[in-house]
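A.B. asks: What follows is a single structure, and I will ask about it in a moment.
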Amino acid sequence: MGGTPLSGEVTVRGAKNLVPKAMVAALLGSTPSTLRNVPDVVDVDIVSGLLKLHGVTVERTDGKLVMDPGAVDHAEPTAINVHAGSSRIPILMCGPLIHRLGSAFIPDLGGCKIGDRPIDFHLDALRQMGAKVRKETDGLYIDAPGGLRGTKIELSFPSVGATEQVLMSAVLAEGTTELRNAAVEPEIIDLICILQKMGAQITVHSNRVVRIEGVDSLTGFDHRALTDRLEAASWACAALATKGDITVIGAEQEPMMTFLNTYRKVGGRFDVNDGGDGSAKSIRFWHPGGPLNAIAIETDVAPGFQTDWQQPMVVALTQAEGLSIVHETVYENRLGFTEALNQMGARIQVYRECLGGSTCRFGQRNFQHSAVISGPAHLRGAELVIPDLRGGFSYLIAALAAEGESTLHGLELIYRGYENFLDKLTALNAKYDEL
Ligand code: UD1
């Protein structure tokens, strides 16, 4: 049931876009690794399952994972097949598995259905490092008869996953790898910190250049995952869309700087507590009353406005006065969720053209990747089927902002990246029934 401002406190733990990768990094170590601040999300269950199939012992207590890869060398590489389909993380296991076992099998990949989500950058990079890739109907068989070797690689787009692929393949490769046009998302920098703790030699230069000097062996790590800035922003947008007031415990200013600038431009207010007084770090986000401002947003790789911030922000922008413009430049197909918002009374038109400041690689290619949002719109309850993780959370926010009752189907997709979100909603005084 919508129409009630969400207010109160929620705690956000480790980043969903780091934790599974950190778990894969544990495969590279010769000794056990400990990861802290681990959220209880489905992606962690999936990767735990994959690691166990490879012989890693995974012990999980609240918020903490201890992973011992001692027995990996005896594991059966094709066992990964059992978990095919539900996660894209297996592709990142290539490097670690090749280093450990000499080969890797990667089943057909699942994950959110956003565009085609290709893996060509991953495979090109692996091939350049000496891997041989064989495509079969059930997945990819990859090995490296002469071992993985350092080389110069340039990505045509600063892909997060491909950057992680190169990092985790190059740390134990022979020689030095130079990666150009690398992604430098805070989660990647945190992964580099983990690899450094393990003994890796990685230098992040300016202009998206990363140099990795291969070493002979790595140990385990003990690391506290950085907070999920994408989830934190989702709650911030929920506060704005429902005229509420939410304090996100765990949220940190620096990785959210770009988001905070946008939040302020829209008319949202925030107050950063950097923990200087000994309390937990947090950011309070609230709607100050009065109209919100229409703005233009262009999504981008870090340090730009992240594509995962886009969908929840669009819901808030349905309440802004005037015409807002969103240009999605990271995914070709991340505006489909606006149809459901229109069913609820929003006025959003999507366009194939690049609207906003610059042209992107999706212009002239028939992808509806720009949106004009006309507000403020009176949102009404509707029956909705959740399409993907961020789109799903945005439907949830829209339903909570709307007048009347909404029914949402497919909530399990939201659990992939949002820990205990129904309990958090209860803590924020949301009114809902779980059927
Ligand atoms: C990660 C995040 C996701 C986020 C995205 C961009 C995880 C688990 N997911 O996804 O939440 O939205 O970064 O910040 O961390 N591409 C190719 N070929 C490839 C790889 C990517 O063309 O081989 C394209 C994609 O289709 C997309 C763009 O590059 O258009 C960005 O993808 P990428 O940065 O790799 O995203 P993910 O790592 O999958």
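A.B. asks: For the chain, find the longest principal axis of its Cα atoms and tell me its angle to the long axis of helix 160-170, 0 to 90°, nearest 10.
C.D. replies: Tilt relative to the chain: about 20 degrees.
A.B. asks: While we're here: Calculate, for the range 323-369, the solvent-accessible area per residue in square angstrom, rolling a 1.4 angstrom probe over the heavy atoms of the protein chains.
C.D. replies: Details: 2490 Å² over 47 residues.
In whole numbers, the range 323-369 has 53 Å² accessible per residue.
A.B. asks: About its Cα centre, what dipole magnitude does the chain give when the only charges are +1 on Lys and Arg Cβ and -1 on Asp and Glu Cβ, stated in debye to the nearest 20?
C.D. replies: Numbers: 39 positive and 51 negative charges, 146 e Å.
It comes to approximately 700 debye.
A.B. asks: Let me ask something additional. Checking the table Lys16/Lys64; Lys281/Lys431; Lys243/Lys424; Lys16/Lys265; Lys243/Lys265; Lys281/Lys424 against a 24 Å threshold on Cα-Cα, which pairs fail?
C.D. replies: On the way: Lys16/Lys64 14 Å; Lys281/Lys431 28 Å; Lys243/Lys424 17 Å; Lys16/Lys265 27 Å; Lys243/Lys265 16 Å; Lys281/Lys424 18 Å.
Checking Cα-Cα distances, Lys281/Lys431; Lys16/Lys265 exceed 24 Å.
A.B. asks: Between Arg380 and Lys64, what is the label-to-label distance in nm when each label sits 7 Å out along the Cα-to-Cβ direction?
C.D. replies: Reported label-point gap for Arg380 and Lys64 is 5.3 nm.
A.B. asks: Here is a follow-up. Could you check the simple spin-label distance between Ser358 and Asp108, using points 7 Å along Cα→Cβ, in nm with one decimal?
C.D. replies: 3.6
A.B. asks: Follow-up. How high is the relative contact order of the range 19-224? Use alpha-carbon pairs under 8 Å, at least six apart in sequence, and give a whole percent.
C.D. replies: Working: 448 pairs, mean separation 42.9, N = 206.
Relative contact order of the range 19-224: 21 percent.
A.B. asks: Tell me which trypsin sites (Lys or Arg not before Pro) from the range 320-387 have a DSSP coil assignment and no more than 10 other beta carbons within 10 Å of their own. Kindly include the intermediate steps, with their values, before the conclusion.
C.D. replies: Working: sites: Arg334, Arg347, Arg352, Arg361, Arg365, Arg380; in loops: Arg334, Arg352, Arg361, Arg365.
Answer in residue order: Arg365.
A.B. asks: Starting from one equal scatterer on each C-alpha and no solvent at all, send me the Debye-based log10 I(q)/I(0) for the range 224-368 at q = 0.13 Å⁻¹, two decimals.
C.D. replies: Normalising to I(0) and taking log10 leaves -0.58.
A.B. asks: Sticking with this one: Between 0 and 90 degrees, rounded to the nearest ten: what's the tilt of helix 186-198 against the longest Cα principal axis of the chain?
C.D. replies: Orientation of helix 186-198: about 30 degrees from the principal axis.
A.B. asks: Moving on. Ignoring ligands, DNA and RNA, please state the percent of accessible area on the range 19-224 from carbon and sulfur, probe 1.4 Å. Let's see the in-between values first.
C.D. replies: Values: 3780 of 8200 Å².
Of the solvent-accessible surface of the range 19-224, carbon and sulfur hold 46 percent.
A.B. asks: What angle, in degrees between 0 and 90 and rounded to the nearest 10, separates the Cα long axis of helix 257-266 from the longest principal axis of the Cα atoms of the chain?
C.D. replies: So the helix axis and the longest Cα principal axis differ by about 10 degrees.
A.B. asks: Taking every DSSP beta bridge with both residues inside the chain, roughly what % is antiparallel (nearest 5)? Working shown, then result.
C.D. replies: Details: 49 of 72 bridges.
Of all bridge pairs located within the chain, approximately 70 percent are antiparallel.
A.B. asks: Could you calculate the contour length gain from Asp216 to Lys135, that is, 0.36 nm times the residue separation minus the distance between their Cα atoms, to one decimal place in nm? Before the final figure, lay out each step's value.
C.D. replies: Values: separation 81, 0.36 × 81 = 29.16 nm, distance 2.98 nm.
Contour length minus the Cα-Cα distance gives 26.2 nm.
A.B. asks: Moving on to the next point. Hey, what's the range 19-224 come to in accessible area per residue, 1.4 Å probe, Å²?
C.D. replies: Values: 8200 Å² over 206 residues.
That works out to 40 Å² per residue.
A.B. asks: In the chain, with Lys and Arg counted as +1 and Asp and Glu as -1 at Cβ, which of these residues, Tyr351, Trp286, Ala430, has the Cα nearest the positive end of the dipole, that is, farthest along it?
C.D. replies: Sorting the options by dipole projection puts first Tyr351.
A.B. asks: Please identify, among Asp43, Asp277, Asp222, the residue showing maximal mean-square fluctuation in a Gaussian network model of the chain using a 10 angstrom Cα cutoff.
C.D. replies: With Cα springs under 10 Å in the chain, the top fluctuation among Asp43, Asp277, Asp222 is at Asp277.
A.B. asks: Mean residue ellipticity at 222 nm from the helices of the chain, using -39,500 (n - 2.57) per DSSP H segment of n ≥ 4 over the full residue count, to the nearest 500 deg cm²/dmol? If you can, show how the numbers build up before the last one.
C.D. replies: Numbers: 12 runs with 120 residues, N = 435.
Taking each H run of at least 4 residues, the total per residue is -8000 deg cm²/dmol.
A.B. asks: Distance between the C-alpha centers of the range 149-218 and the range 271-317? Whole Å please.
C.D. replies: If we compute the Cα centre of each part, the gap is 29 Å.
A.B. asks: What three numbers, in Å, describe the spread of the alpha carbons of the range 204-271 along their principal axes, ordered from the longest?
C.D. replies: 55, 29, 16
A.B. asks: Assuming R0 = 41 Å, what is the FRET efficiency of Ser279 and Met1, from their Cβ-Cβ distance, to the nearest 0.05? Don't jump to the answer; show the numbers that get you there.
C.D. replies: Values: r = 33 Å, r/R0 = 0.82.
Computed FRET efficiency for Ser279 and Met1 comes out at 0.75.
A.B. asks: Shifting gears a bit: Which one, Ile119, His54, Leu65, is farthest towards the positive end of the dipole of the range 19-224 when Lys and Arg carry +1 and Asp and Glu -1 on their Cβ?
C.D. replies: With unit charges placed on the Cβ atoms, the residue in question is Ile119.
A.B. asks: Using all Cα-Cα distances in the chain, what percent lands in each 10 angstrom bin from 0 up to the longest?
C.D. replies: Result returned by the calculation: 5, 22, 31, 25, 14, 4, 0.
A.B. asks: Pull out the extension gain between Asn207 and Glu412, defined as 0.36 nm times the separation in residues minus the alpha carbon to alpha carbon distance; nm, one decimal.
C.D. replies: Details: separation 205, 0.36 × 205 = 73.80 nm, distance 3.90 nm.
This chain segment gains 69.9 nm when fully extended.
The values are calculated or read from the model by the stated rules, or taken from the named source; none is laboratory data. All values reported here derive from a predicted model rather than from experimental measurement. Ideal geometry is used to build each Cβ from the backbone, glycine not excepted, and the neighbour counts take in all protein chains shown. Side chains are part of the model used for accessible areas, which takes the heavy atoms of the whole protein and leaves out ligands, DNA and RNA. Shrake-Rupley method; radii C 1.70, N 1.55, O 1.52, S 1.80 Å.
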